[in-house]
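The values are calculated or read from the model by the stated rules, or taken from the named source; none is laboratory data. Remember, it's a predicted structure, so these values are computed and weren't measured experimentally. Heads up, the Cβs are rebuilt from the backbone with ideal geometry, glycines too, and the neighbour counts pull from every protein chain shown. The protein model used for the area step is the full one, side chains on, heavy atoms only, and it has no ligands, DNA or RNA in it. Shrake-Rupley method; radii C 1.70, N 1.55, O 1.52, S 1.80 Å.
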Amino acid sequence: MANSPRNALFAWRAALRTLRQRVAGDGTSPAEPIDSRARTRGAVLKIVLLAIIIGSLSIAANPPRPQSVEGKGAEPITPVTGSAQPSTAAASPEPTPDPGPQQPSAEASTPEAIAETAPPEPTKDAGSGPALNTEPPPSLEAVPVGDLPGWKQVFVEDFTDGDVPLGGFPGIYGSRWHETYSDGAPDTHAKTQAKDQRTSGYYPSKVLSVHGGVLDMFLHSENGVSMGAAPSPRFAGANQPPYNSQLYGRYSVRFKADSLPGFKVAWLLWPVSKQWPQDGEVDFPEGDLSKVIYAALHGIGPDGHRFDVFRPNVPFTDWHVATTEWSPGRIEFFLDGNSIGVATSMVPDTPMRYILQTESCLTGCPAPETSGHVYVDWVAIWAKE
């Protein structure tokens, strides 16, 4: 290092040594005049002062570098702590405006759980086996369980005991359900046709199955015959029809259907006496599946058969809960918890049975290619206390 303090000291010592040599060898004697010696001493002092100034300047210009714990010549290590402040040389960021309270997401009220690994996608095996069920889980509204004020629950079903394949119904649900009619039994429309010319009927083995927590009614046609079914809840201990007979009751069902022109539902209370229309009929929900839901009440008026209709003008293609409350002298219909009408005339006063009658040809028959599904999520029934 050319300008280190040590080299500056060496330069000062060399200058002093040269001066002494010159003083000692200049041939002067002690008898020389005093002013000559004074000049010599002044020169020495100037040289010493100059050497000291040069050394001080060298030290100020080249301070010693700190040694690193890693070894000589390494950059010094600067400790970092969580309380370190930003450099004052950096510009401060502009303050951002307060966004206010966070609004809830319009897509969901709760965050979705994040899986660590995604499950593998199902594989297709060239068509063997049943088709994958793409119907979303239905149970956004749980089946009501338990008594209600004025009503004692006598039946409840949410189809969660397990699956039943097409052709196997009622299977594991046999203690609570009956198919009511066997394959080939005529439906309402077929009863108007000759036996060998029927174009519709009940075929539970080709229509009814249970999967994914729903009763599935697969409505379709085969060989020119449109096929439906009419399963019945079975009260505990009922071994023969009528499987769920009672006088007055509350009936609630959660359902949805594809839009299927020509296929219909008329889930009904039918008189055990089979005296129609004298002993009445109550239908809810009813309607062509490509149109809208309505409720209907049949009975006898001054001019014979009469019926009243209550229309909420709601399609079948969304999940709905239809409830019928049948009390002495009064029937009220509810759709999704909202009353759509009250009847106080033609109210049945004899025991009735409940049937999920699903068939075709209400105002027109389905085209041969028309096919789809009616789904029943749950059924709950109460008796009048």
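Distance between the C-alpha centers of region 314-385 and region 202-237? Whole Å please. Between the Cα centre of region 314-385 and that of region 202-237, the gap is 17 Å. Electrostatic bookkeeping for Ala343 treats Lys and Arg as +1 and Asp and Glu as -1; over the other residues with beta carbon under 14 Å from its beta carbon, the sum is -3.
Per-residue SASA remark: Arg353, around 40 Å² accessible (1.4 Å probe; ligands, DNA and RNA not included). The 1.4 Å probe gives accessible areas that order Arg198, Arg311, largest first, as Arg311, Arg198. Surface exposure of region 337-385, expressed per residue as accessible area with a 1.4 Å probe, stands at 38 Å².
With θ taken as phi - 60° and the Karplus curve 6.51 cos²θ - 1.76 cosθ + 1.60 applied, the whole-hertz 3J(HN,Hα) list for region 280-294 is x, 6, 10, 10, 5, x, 9, x, 5, 5, 8, 10, 10, 6, 8 Hz, x standing for glycine and proline. The order of Tyr248, Tyr202 by accessible area, most exposed first and with a 1.4 Å probe, is Tyr248, Tyr202. Structure shown: which of Lys191/Lys274; Lys206/Lys384; Lys291/Lys384; Lys191/Lys384; Lys206/Lys256; Lys274/Lys384 lie over 27 Å apart, alpha-carbon to alpha-carbon? Result: Lys206/Lys384; Lys291/Lys384; Lys191/Lys384 exceed 27 Å.
Near Ser209, the amide H atoms lying under 5 Å from its own belong to Asp216, Phe218; only residues 5 or more places off or on other chains count, and H is placed 1.01 Å from N. Summarising the amide proton neighbourhood of Gly341: residues at separation of 5 or more, or on other chains, whose placed amide H is nearer than 5 Å comprise Phe333.
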